[in-house]
1. Are there any pairs, at least 6 apart or on different chains, whose C-beta atoms fall under 7 Å, with the first in region 121-148 and closer than 22 Å to residue 374 by Cβ and the second of a type in the set (S, T, N, Q), and if so, which?
2. Which condition does residue 80 not pass, out of (1) over 16 Å from the mean Cα position of the chain (by Cα); (2) in a helix (DSSP H, G or I); (3) surrounded by 22 or more Cβ atoms within 10 Å (Cβ to Cβ), if it passes all the others?
3. Does residue 159 count as hydroxyl-bearing (Ser, Thr, Tyr), farther than 30 Å from residue 89 by Cβ and open to solvent by less than 40 Å² (accessible area, probe 1.4 Å)?
4. Quick one: which residue in 333, 318, 340, 349 is open to solvent by less than 80 Å² (accessible area, probe 1.4 Å), at pLDDT 95 or above and acidic (Asp, Glu)?
5. Among 294, 307, which is the only one that is open to solvent by less than 20 Å² (accessible area, probe 1.4 Å) and either assigned to a loop (DSSP other than H, G, I, E, B) or polar (S, T, N, Q) (or both)?
6. Hey, residue 47 hits all of (1) over 24 Å from residue 200 (Cα atoms); (2) surrounded by fewer than 21 Cβ atoms within 10 Å (Cβ to Cβ); (3) not polar (S, T, N, Q) but one; which does it fall short on?
7. If you scan region 185-226, which residues turn out to be farther than 26 Å from residue 327 by Cα, surrounded by 13 or more Cβ atoms within 10 Å (Cβ to Cβ) and among the basic types (Lys, Arg)?
8. Just wondering, is there one or more residues in region 15-35 that are closer than 21 Å to residue 82 by Cβ, in contact (Cβ under 8 Å) with a residue 60 or more places away in the chain, charged (D, E, K, R) and crowded, with 18+ Cβ neighbours inside 10 Å?
Amino acid sequence: MIDRTEPACLVIADITGYTGYLAGVELDHAQDILADLVDTVVGSLRPTFQLAKLEGDAAFVWLPTATVDGSELRDVIEGCYFAFQRRIRDIRGASTCECNACIRIPALDLKFVAHHGRVVRQQMAGLEELVGSDVIVVHRLLKNHVGEELGMAAYALYTESLARLMGLDDPARAGMRQHRETFESVGKVTGWVSDLGAAWRVEQQRDRTRVTDEDALYVIALPTAAVPREILWEWVTSPARRVRWTTGLSGIVEDTVDGRRGLGTVNHCAHGQDLSIEEIVDWVPPEYETKRVTMVGKGIGPITVTTELLERGANRTDLIYRMARPTSASDRDALAAMEDYFRQALTRDGAVLIDLAAADARERSAGRPVEPEVPVSAARNLSEPMPGPAT
């Protein structure tokens with residue numbers, strides 16, 4: 001046992017409805033579907049989080065940290081839920097099997113409980129176990145009354161101690177609802193609940209603003225970085241990190257929507273005496289962001305640029321900038337004249353960005369313990385329909 005406690009962010013993702021789902025379904029398909037969905041959940045939470053333990057239909061993950069970027073945490077949890085829902089849709093759509101296990105896949109859902117506290121690492125059977133009162137708290141929170149009291153089937157419950165670290169001065173303004181639970185030996189726990197089902201409905205209906213190769217006046221692609229996409233995304237989008245790799249950028253004032261970085265956020269970027277204003281008009285972590293950039297006093301209208309991160313195998317990512325073709329001839333000429341400037345600047349700064357992100361990735365992986373194995377599912381192979389039950 002490590003002879004000290006350390007601060008940590010603790011999250012449990014729990015597949016709900018699974019016990020009822022098992023009643024009267026074919027167990028071979030049910031187990032295969034569960035393994036696939038657990039793999040989707042864990043894969044979406046890595047590498048931001050480390051897998052502490054698989055607990056049946058739940059995954060317990062954690063991140064050793066004293067600080068929490070609230071926007072990044074909410075993006076990771078929402079992104080995991082969206083991946084879960086897409087996976088359910090894809091499995092059901094790819095299967096011709098009409099057994100009860102396959103037909104009832106949409107009955108499954110996902111909830112999260114998240115807490116910040118102190119833990120102790122303990123070695124057991126060659127794997128690391130987390131122990132401590134805060135580990136007990138986050139597990140007790142799974143047995144809550146959010147569904148009955150707030151009417152939510154899919155949600156993320158953040159404890160008040162975590163919400164403070166996330167910078168949520170007014171969680172209600174951020175669309176969260178307060179919830180209290182009382183547990184024996186733990187006492188009263190206050191938290192804030194985000195409705196993931198509502199977020200998924202909005203996500204499905206949202207218009208996209210993504211500059212494609214066909215839309216672009218020019219494209220600037222940087223060499224493949226040996227960095228996981230999720231880590232590179234943090235370095236590309238975090239204002240605190242951007243000032244470390246962008247030449248001449250002295251500061252960014254971030255004006256977020258309800259305290260959360262993302263769609264609608266406006267950044268005021270100071271480059272010496274120059275000022276640029278960035279409005280985020282599309283935000284799909286960790287795939288891409290699109291910004292409308294106004295370069296104050298430069299005689300050119302707003303520039304729409306998509307920054308896209310493309311996965312190229314395990315832990316390798318392409319970084320691509322696409323500058324949208326302006327509608328007016330004068331703006332097209334002005335932006336075309338700036339191509340060499342942007343290409344040189346993004347190539348130079350991109351090299352620093354990739355070096356910093358790669359060093360961060362190495363540091364994170366160096367202290368990462370051996371994690372439990374995640375079951376492999378045949379449902380992962382969707383080139384053919386899921387096999388029917390054996391006859």
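The values are calculated or read from the model by the stated rules, or taken from the named source; none is laboratory data. Here the structure is a predicted model, which means the values were calculated and not measured. Here Cβ is always computed from backbone atoms with ideal geometry, including for glycine, and neighbour counts include all displayed protein chains. Calculation scope for accessible area: heavy atoms of the full protein, side chains included, ligands and nucleic acids excluded. Shrake-Rupley method; radii C 1.70, N 1.55, O 1.52, S 1.80 Å.
1. 129/122
2. It fails just one condition, (1).
3. Details: hydroxyl-bearing (Ser, Thr, Tyr): yes; farther than 30 Å from residue 89 by Cβ: yes; open to solvent by less than 40 Å² (accessible area, probe 1.4 Å): yes.
Spelling it out, residue 159 is indeed hydroxyl-bearing (Ser, Thr, Tyr), farther than 30 Å from residue 89 by Cβ and open to solvent by less than 40 Å² (accessible area, probe 1.4 Å).
4. Details: 333 fails: open to solvent by less than 80 Å² (accessible area, probe 1.4 Å); 318 fails: at pLDDT 95 or above; 340 fails: open to solvent by less than 80 Å² (accessible area, probe 1.4 Å).
Every option except 349 fails the conditions.
5. It is 307.
6. In the conditions (1) over 24 Å from residue 200 (Cα atoms); (2) surrounded by fewer than 21 Cβ atoms within 10 Å (Cβ to Cβ); (3) not polar (S, T, N, Q), residue 47 misses (1) alone.
7. None - no residue of region 185-226 is farther than 26 Å from residue 327 by Cα, surrounded by 13 or more Cβ atoms within 10 Å (Cβ to Cβ) and among the basic types (Lys, Arg), so the list stays empty.
8. For region 15-35, residues closer than 21 Å to residue 82 by Cβ, in contact (Cβ under 8 Å) with a residue 60 or more places away in the chain, charged (D, E, K, R) and crowded, with 18+ Cβ neighbours inside 10 Å: absent.
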